[in-house]
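Participant: A single structure is presented below for examination.
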Amino acid sequence: MKKILIIILMLAIITALVGCAEDKGVDVKNTYEKITATEAKKMMDEKSGYIILDVRTKDEYKGGHIPGAVLLPNESIGKETIDILPDKDQIILIYCRSGRRSKEAAAKLVNLGYTNIYEFGGIIDWTYDIVTD
């Protein structure tokens, strides 16, 4: 009887220790990162392979946008894969006018499985070059 009690106690301890073990699995990023316009500019200057996503309307985009930015209005981001964003692990830098739509777009992209999203607010905070169409 004593041996059975010891075995049960040992199994309980082992189970407790396994439950407390540190998870060393893959860290899955399920959110986007909020950065400043200055941090976004630094990434643009130092990194490659990123895409700058302008989520404003077509008219707003034509009125002035960050050089190299691609237009993808927030309203057009739905539940399907986006053709202009085939790589879900690519660095995506998102902005709008004031920051509201870029936050919404970033959250939508995360829900679609994109993993490397950086939202940097609005073009009203951008103190660097802009271009017009």
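Bear in mind these aren't lab numbers, they're just calculated from the coordinates by the rules spelled out. Quantities reported herein were computed from a predicted structural model and do not represent experimental measurements.
Participant: Could you pull out every one of the lysines with an alpha carbon less than 17 Å from that of residue 42, ignoring same-chain neighbours closer than 8 positions?
Facilitator: Partners found: 34.
Participant: Under a cut-off of 15 Å between alpha-carbon atoms, report the aspartates and glutamates in cross-link reach of residue 79, not counting same-chain residues fewer than 8 places apart.
Facilitator: 104
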